[in-house]
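First comes the structure, then the notes that go with it.
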Amino acid sequence: AVLAAPASAQMKQADAPYDTKLKCGVFNAFMSGFNGEDTEEGKASEARAESWVMLAIADKADQPDQVASDFEAAANALTKEIEGKMSSEDTLGVFAVFNQYLELCDPYGG
């Protein structure tokens, strides 16, 4: 596996900025599908995604539609970035995108 496993959390997920919660939720949801939802890695990613999303919703409890819209925009941005790298057969670029998200999320436990 080229991707490192999430490091142990140094900071609480709840302390992450709203934007980080969205991006980490999207990334973990994506990785759940990427790893296979029936695998241990996929299940762990799905659990992290749900945790991140719940925290983002808590941040803007009075604006659930805004959270949904923001989450969709973050998901579209990740998908577009990865699809762009894949269409140009830039495998290293795909892993670079993954690593950007890992670096963002790892301090909070993934």
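The values are calculated or read from the model by the stated rules, or taken from the named source; none is laboratory data. The shown structure was predicted, so the numbers you read here are calculated from the model rather than taken from an experiment. Backbone-built Cβ (ideal geometry, glycine too); neighbour counts: all protein chains shown. Remember, those area values only see protein heavy atoms, side chains included, never the ligands or the DNA or RNA. Shrake-Rupley method; radii C 1.70, N 1.55, O 1.52, S 1.80 Å.
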(message) Just the residues that are surrounded by fewer than 14 Cβ atoms within 10 Å (Cβ to Cβ) and among the β-branched types (Val, Ile, Thr), please, taken from the stretch 75-110.
(response) 79, 91
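Is the stretch 14-22 home to any residue that is of a type in the set (A, V, I, L, M, F, W, C), open to solvent by 70 Å² or more (accessible area, probe 1.4 Å) and touching a residue at least 12 places away in the same chain (Cβ under 8 Å)?
No, every residue in the stretch 14-22 fails to be of a type in the set (A, V, I, L, M, F, W, C), open to solvent by 70 Å² or more (accessible area, probe 1.4 Å) and touching a residue at least 12 places away in the same chain (Cβ under 8 Å).
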(request) Report, by residue number, each residue of the stretch 52-110 that is at pLDDT 95 or above and at positive phi. (result) 89
(request) Name the single residue, out of those in the stretch 23-40 being without any contact (Cβ under 8 Å) to a residue 12 or more places away in the chain and among the charged types (D, E, K, R), that is farthest from residue 109 (Cα to Cα). (result) 38
(message) Six or more apart or on different chains, Cβ atoms under 7 Å: show the pairs whose first residue is in the stretch 65-85 and part of a helix (DSSP H, G or I) and whose second is surrounded by fewer than 16 Cβ atoms within 10 Å (Cβ to Cβ).
(response) 66/60; 67/60; 85/93
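Considering only residues that are among the basic types (Lys, Arg) and either more than 23 Å from residue 103 (Cβ to Cβ) or in contact with a Pro (Cβ under 7 Å, 6 or more places away or on another chain) (or both), which ones fall in the stretch 44-83?
The answer is 60, and nothing else.
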(request) Considering only residues that are touching a helix residue (DSSP H, G or I) at 6+ places or on another chain (Cβ under 8 Å) and surrounded by fewer than 14 Cβ atoms within 10 Å (Cβ to Cβ), look in the stretch 23-42 and name the one that is modelled with the lowest pLDDT. (result) 37
